[in-house]
Amino acid sequence: MNYEVPNHVAIIMDGNGRWAQKRGLKRTKGHQKGADTLKKISEYIYDKKIKVLSVFAFSTENWKRDKEEVDFLMDLFITAFKKNFDAVKQKGVKVVFSGLKTKLNDKVLDAMKTMTEETKDNKNGIFNICLNYGGQDEIVEATKKIANLVESKKLKAEDITKEEFNKCMFNDLPPIDLLIRTSGEFRISNFMLWQMAYAELYFTDVLWPDFDEKELDKAIESFNKRDRRFGAVKK
Ligand code: IPE
Ligand code: IPE
Ligand code: MG
């Protein structure tokens, strides 16, 4: 495809449970298949020279699920991280995590630390994994950091800018250009509220485990048809 690619793509990977239920399988099977989809799609994204990929892996609200499902997801993160790590390193992509460190077990935290440290100097792209993440929490945490800077006189209140604020988010990321949500839900579910201020939104009925390279191409094609005016009037 000869299209302009967005700089930052963010994905709400939804529909794993329904994918499994439709087949009479346990919800966890859907998560497993979903992890394979992520591996495939992330590689495709960086091959297409998209610089930043953010994915919603686990929300602060997802702790409400059965313990069995939550435990499965935590173990899956570790195995999926390990399985995908070589490809990520090979592509020269830097892995970062967004979210609260509370509630995550030591094994998950260790895997996150290894991936972050071993890729910190990579320059080809950024893979932002949102784990134990909530968009409102992120804004609250950033506000606390800003307040500390002001309290310790490192920053004046009148010098607080959008750029300063962005630096205090979990990661200093560029704005989202294209937000994709699978599974036919038309909501944001507390995903990257700050970063999606001017994102183009793309919703598809395809369940995340069924999402593939062709579906991503469709989303990018749709993105290319959008007239991004950012409030201005085109001459
Ligand atoms: C998304 O799929 C994955 C996570 C939230 C971890 P779901 O598990 O939400 O799947 P549905 O929405 O129940 O089908
Ligand atoms: C959003 O999906 C979170 C992830 C994809 C990790 P959910 O399935 O948790 O969101 P709701 O419940 O439909 O809002
Ligand atoms: Mg869901």
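What follows draws every value from the coordinates through simple rules; no lab data is involved. In this text, all values refer to a predicted model and were calculated from it rather than measured experimentally. Don't worry about glycine lacking a Cβ; one is built from the backbone with ideal geometry, like all the others, and counts go over all protein chains shown.
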*Given a cut-off of 31 Å, name the pairs among Lys107/Lys167; Lys26/Lys94; Lys123/Lys154; Lys94/Lys144 whose C-alpha atoms lie farther apart than that in the structure shown.*
Lys26/Lys94
*asked:* Run through region 1-102 and list the GluC sites (Glu not before Pro) located in a DSSP loop whose Cβ has at most 13 other Cβ atoms within 10 Å.
replied: Glu4
*Pull up all non-local amide H partners of Leu155: gap of 5 or more, or a different chain, and H-to-H distance under 5 Å with H placed in the peptide plane.*
Val150
*How many nm is it between the label spots at Ala232 and Glu163, if each spot is 7 Å from the Cα in line with the beta carbon?*
1.9 nm
*Label-point separation (nm) for Glu68 and Lys156, each offset 7 Å from Cα along Cα-to-Cβ?*
6.1 nm
_Using the crude model of +1 on Lys and Arg Cβ and -1 on Asp and Glu Cβ, and no other charge, please compute the dipole size for region 1-139 relative to its Cα centre, in debye to 20._
420 debye
*Expressed in nm to one decimal, what extension gain is obtained for the pair Thr114 and Lys83 from 0.36 nm per residue of sequence separation less their Cα-Cα distance?*
9.8 nm
*Pull up all non-local amide H partners of Asn132: gap of 5 or more, or a different chain, and H-to-H distance under 5 Å with H placed in the peptide plane.*
Phe58, Ser59
*Could you tell me which of rounded, prolate or oblate describes region 52-101, using a ≥ b ≥ c as the square roots of the eigenvalues of the alpha-carbon gyration tensor, with rounded for a/c under 1.5 and, failing that, prolate when a/b is larger than b/c and oblate otherwise?*
oblate
_Backbone HN-Hα couplings from phi across region 170-186 [Karplus 6.51/-1.76/1.60, Hz, Gly and Pro as x]_ = 3, 9, 7, 9, x, x, 6, 8, 9, 10, 10, 10, 8, 6, x, 8, 9
_Over 31 Å between alpha carbons, listed pairs Lys64/Lys156; Lys48/Lys145; Lys214/Lys235; Lys103/Lys156; Lys33/Lys113_ = Lys64/Lys156; Lys48/Lys145; Lys214/Lys235; Lys103/Lys156
*For region 81-95, what does the Karplus curve 6.51 cos²θ - 1.76 cosθ + 1.60, with θ = phi - 60°, yield as ³J(HN,Hα) per residue in whole Hz, taken in order and with x for Gly and Pro?*
4, 5, 5, 8, 4, 4, 4, 4, 5, 4, 7, x, 9, 8, 9
*Approximate spin-label separation Asp212-Glu185, in nm, with each point projected 7 Å along Cα-to-Cβ*: 2.5 nm
*Mind running the shape call on region 1-156? Use the C-alpha gyration tensor, a ≥ b ≥ c as the square roots of the eigenvalues: rounded below 1.5 for a/c, prolate if a/b tops b/c, oblate otherwise.*
oblate
*Is the shape of region 99-235 best called rounded, prolate or oblate, per the rule: a/c under 1.5 gives rounded, else a/b larger than b/c gives prolate, else oblate, with a ≥ b ≥ c the square roots of the Cα gyration tensor eigenvalues?*
oblate
_Quick one: 3J(HN,Hα) in Hz for region 7-21, Karplus 6.51/-1.76/1.60 with θ = phi - 60°, rounded, Gly and Pro as x._
6, 10, 9, 10, 10, 8, 7, 10, x, 4, x, 5, 4, 6, 4
*If amide H atoms are built 1.01 Å from N in the plane of the peptide, which residues on other chains or at least 5 residues away come under 5 Å of the amide H of Gly15?*
Trp208
